[in-house]
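The values are calculated or read from the model by the stated rules, or taken from the named source; none is laboratory data. Please read all numbers here as calculations on a predicted model, not as lab measurements. Don't worry about glycine lacking a Cβ; one is built from the backbone with ideal geometry, like all the others, and counts go over all protein chains shown.
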Amino acid sequence: MGAQSDTKYEVTIKEAYRHANVYMVNSMTKNMPGLETWNESSINPCPLELYDINGDLLYYEFSVEKEDKVIGRIKVGANKLLGYSVKTFEFGMRSWDPKMVMQKSVEVANNKYSDGEILSTKMVVYSYPSIGSMTIIRDKKTGEEKRIFVDAYTLEIIPDKTADDGEIGVWSFYEKISDKKANENLAKWTESEDFVSSVEKSTEDVGLDIYTPLTNEMLSQLREKSAIITSTKGNLILNVPLYAQSKSYYCAPASAQMIAKFYGVTHTQNYIYGLMNDGSGGACTNTEQLNYYQASNGLNKPNSYLDNTPTYSEAKTKISQSNPLKSGVTDHARVCRGYYDSYGVSGQNALYINDPANGGSTYWEEWDDIVHTNYIYVL
């Protein structure tokens, strides 16, 4: 049974903004890789609101800005049922325009249902981490409501059906949260709030305003006040290139292309797809993906294998052994190329992800509250 978003657990924009600032300050103070150029930046307090396909608010995406340019983004959970507050640190600006995406889904809806009435249009996470626009239109004669989904990057129409293995579709993030997990997540959000409040008080006591752009001098002062920031157990990032998937169902070939390049092998996504897919077309199943990694005319890593019970510690071990891995979430493949212990609350860990979706992006992703489905270890 999936968790139901309850208004009493909603996180306000003001609360989310506080958490985004404190987590950013904490991570910059600890020299988190990727945030080296975020000094003297600030967070725009007006976020992009991203919804679940069930219509409930899911994330606030804040832009990190420096010299009037967007240099990164921070996703914060919009509901306490999602657990620890800050979900991702993403690098660079969006490769798509929300207004254009929503206009496209309205256009598609009107063309498909000319007698319909548009009820709403929202930016949604339709199949984490894939983002798009959802337009709901109602037939004026029958009263029947239909949903139209359009991918943010490709502007392709996404079928309104359950995303099954090897098929593109949509799924609700909230429905993946069990009642037990929801209760655990509420406690984790409280940990985040306690952490944020503690950092705010500590910085105020030493006369620092963390809601202004952080200068190098301020960062040095914060590092001297070691009690203000959480300790770091360890981190490591492998040098894996980022490639965007060239087709909507090419996330697995694009991920394999990245891993292959790390090992000095250059193959096109079409070539990789030809080895992975059995000829049926569409997305590649997890078993099919192994074909490329193991084949002698593929990456030639015969000891590669699928793990359907992924853990943070397993990813950390493989990265420590200089082995990037395929990181699977529901119906999507990415590459895990790094780890970071305790980037926020003590014990709140993150993986460094190369994601081929949405034009290709790199980000730190909080481990515990994401629906991880599998790893493929390339050995």
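The condition (being of a type in the set (Phe, Trp, Tyr) and either closer than 18 Å to GLU167 by Cα or at pLDDT below 95 (or both)) is satisfied by just one residue among TYR293, TYR263, TYR273: TYR273.
On the stretch given as the stretch 31-55, residues that are surrounded by fewer than 20 Cβ atoms within 10 Å (Cβ to Cβ) and not in a strand (DSSP E or B) total 12.
Within the stretch 303-320, the residues that satisfy the criterion of being in a loop (DSSP other than H, G, I, E, B) and either outside the structural domain of ASP341 (by TED's automatic domain parsing) or surrounded by fewer than 13 Cβ atoms within 10 Å (Cβ to Cβ) (or both) are ASN303, ASN308, THR309, THR311. Contact map, the stretch 167-182: first residue surrounded by fewer than 18 Cβ atoms within 10 Å (Cβ to Cβ), second residue in a loop (DSSP other than H, G, I, E, B) and among the β-branched types (Val, Ile, Thr), Cβ cut-off under 7 Å, separation 6 or more or different chains; pairs are LYS176/VAL371.
Considering (1) at pLDDT 95 or above; (2) among the hydrophobic types (A, V, I, L, M, F, W, C); (3) not in a loop (DSSP other than H, G, I, E, B), the lone condition that LEU242 does not fulfil carries the number (3).
Every condition in (1) in contact with a strand residue (DSSP E or B) (Cβ under 7 Å, 6 or more places away or on another chain); (2) part of a loop (DSSP other than H, G, I, E, B) holds for ASN300 except the one numbered (1). Scanning the stretch 350-371 for residues that are free of Cβ contacts under 8 Å to residues at least 60 places away in the same chain, assigned to a loop (DSSP other than H, G, I, E, B) and either out of contact with any Phe, Trp or Tyr (no Cβ under 8 Å at 6 or more places or on another chain) or more than 26 Å from ALA152 (Cβ to Cβ) (or both) turns up nothing.
State the number of residues belonging to the stretch 287-301 that are surrounded by fewer than 20 Cβ atoms within 10 Å (Cβ to Cβ) and under 12 Å from TYR377 (Cβ atoms). Residues meeting the conditions: 1.
For MET28, the requirement of being in contact with a helix residue (DSSP H, G or I) (Cβ under 9 Å, 6 or more places away or on another chain), closer than 23 Å to LEU222 by Cα and of a type outside the set (Phe, Trp, Tyr) is met. A search for C-beta distances below 9 Å between a residue of the stretch 186-202 that is under 14 Å from SER27 (Cα atoms) and assigned by TED's automatic domain parsing to the domain that holds HIS19 and any residue that is surrounded by fewer than 16 Cβ atoms within 10 Å (Cβ to Cβ) and polar (S, T, N, Q), counting only pairs 6+ apart in sequence or on different chains, returns PHE195/SER346.
If you go through the stretch 238-268 and pick out every residue that is farther than 12 Å from GLY360 by Cβ, out of contact with any strand residue (DSSP E or B) (no Cβ under 9 Å at 6 or more places or on another chain) and touching a residue at least 12 places away in the same chain (Cβ under 8 Å), you end up with 7.
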